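Taken together, the values in this text are just the output of simple stated rules run on the coordinates, not laboratory data. A quick note: this is a predicted structure, and the numbers were derived from the prediction, not measured. All Cβ positions, glycine included, derive from the backbone under ideal geometry; neighbour counts span all protein chains shown.
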Amino acid sequence: MSTTSLEAPAATPAFQQVSLARKVKNGFATTLVWLSFLIAVVPLVWVLYTVVAYGIKRIPYSNWWGQDFGDVLSDEVGGGVLHAIVGTLLQGLVCAVIAVPIGMLVAIYLVEYGRNGRLAKATTFMVDILSGVPSIVAALFIYALWITTLGLPRSGFAVSLALVLLMIPVVVRSSEEMLRIVPDDLREASYALGVPKWKTIMKIVLPTAMSGIVGGVMMALARVMGETAPLLVLVGYSAYTNWDIFHGEQAALPLLMNNERVSNPMDPGSVGFDRIWGAALTLVLIIALINLLATVFARLVAPKKK
């Protein structure tokens, strides 16, 4: 007598109940991840809270944004940081104009053309070395080349050249990683249609990776805008607003903070104390605004999905 389907043994279910040991391990790993996240976030929140708490006293006033310290004594209440904002933005803009095209071209060569060639390996090695160069070394190199050798004056442009050395490796690394994650299928489909390689890079690869590239550029720009060593070596502090980046002394927010630390006592509630924390919060707000604008730009240029 044959066994009917009802009498046949049931098949083992594909999904079995998770064991208690796996649940414990999963809970333990989840707890470690959350603890690591909190350990990383707590110092950031603490720093931001401190900067806002101490720097908010001067920020709401219009003269803080529209005046400089040219007609104000070092220990006198009043004035603003317009001169430092102008210097910071001009130096950062010139640095970005020079560093971003160079960094992106190097990244495109390494990913699209160089691959494992000797020149690509040498370039990668030099980028790795440049990424570890301290800011003071970059400042001294520009001082020796630009000022000592060529005999040109100290200026905000010399600061921008030093910042270029610090910004290029970050742009190269971030752009390189973004270009590598673009699927090769997109490139091959473009080549199959007879599109030249340079046009494939311009029309397919770069637009696909542009969102991440912009984020890397903003990260690099935020890093160099807070550097102090090139300012101390390559340009003098000026309490007046200087729009000419090629001539004369020019202030910047990090240089202003250093100058106030030297010239005024750092007692809580003093003029120098309020200026330093106000300048620090101003720098944070400027970088946050630049990142916000960059995020909007990245979304506008990103490939549209239907």
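What shape does segment 58-118 have by the C-alpha gyration tensor, where a ≥ b ≥ c are the square roots of the eigenvalues, rounded means a/c under 1.5, and otherwise prolate means a/b greater than b/c and oblate the rest? It is prolate, given that a/c is not under 1.5 and a/b is the larger ratio.
Name the residue farthest towards the positive end of the dipole of segment 180-306 from the options 273, 208, 218, assuming +1 on Cβ of Lys and Arg, -1 on Cβ of Asp and Glu, about the Cα centre. The residue sitting farthest along the positive end of the dipole is 208. Taking label positions 7 Å along the Cα-Cβ direction at both residue 128 and residue 112, the computed distance is 2.5 nm, reported to one decimal.
Take every Cα pair under 8 Å whose residues are at least 6 apart in sequence, average their separation, divide by the length of the chain, and the relative contact order is 25 percent. Modelled spin-label separation between residue 28 and residue 296, with each label point placed 7 Å from Cα along the Cα-to-Cβ direction: 4.9 nm.
Cross-link partners of residue 57 among aspartates and glutamates, defined as those whose alpha carbon lies under 19 angstrom from its own and excluding same-chain residues fewer than eight positions apart: 68, 75, 76, 260, 267, 274. For Cα Rg over 2.2 N^0.38 Å, the value calculated from this model appears in [x] 0.98; [y] 1.39; [z] 1.07 under label [y]. Scoring 21-31, 208-218 by mean Cβ neighbours within 10 Å over their residues and listing the highest first yields 208-218, 21-31. Converting phi to 3J(HN,Hα) with the Karplus coefficients 6.51, -1.76 and 1.60 and the offset θ = phi - 60°, segment 289-297 yields 5, 4, 5, 5, 5, 5, 5, 4, 4 Hz in sequence order, with x at every glycine or proline. Per-residue Karplus couplings for segment 153-166, computed as 6.51 cos²θ - 1.76 cosθ + 1.60 with θ equal to phi - 60°, are listed in order as x, 5, 6, x, 5, 5, 4, 4, 5, 5, 5, 4, 4, 7 Hz, Gly and Pro entered as x.
Just name one of 108, 61, 243: the one whose Cα is farthest towards the positive end of the charge dipole of the chain (beta-carbon charges, Lys/Arg +1, Asp/Glu -1). Sorting the options by dipole projection puts first 108. Working from Cα pairs under 8 Å separated by at least six residues, relative contact order for segment 150-228 is 44 percent. Computed from point charges on the beta carbon alone (+1 for Lys and Arg, -1 for Asp and Glu), the dipole magnitude for the chain about its Cα centre is near 1280 Debye.
Tell me the net charge near residue 69. Cut-off is 10 Å between Cβ atoms, residue 69 excluded, with +1 for each Lys or Arg and -1 for each Asp or Glu.
Spelling it out: positives minus negatives among the neighbours equals -3.
When the charge dipole of segment 166-303 is built from unit charges on Cβ atoms (+1 for Lys and Arg, -1 for Asp and Glu) and taken about the Cα centre, the candidate among 234, 189, 166 whose Cα reaches farthest toward its positive end is 189.
Based on C-alpha pairs under 8 angstrom that are at least 6 apart in sequence, segment 191-306 has a relative contact order of 31 percent.
Using the rule -39500 (n - 2.57) for each DSSP H run of four or more residues, divided by the residues of the chain, the 222 nm mean residue ellipticity is -21500 deg cm²/dmol.
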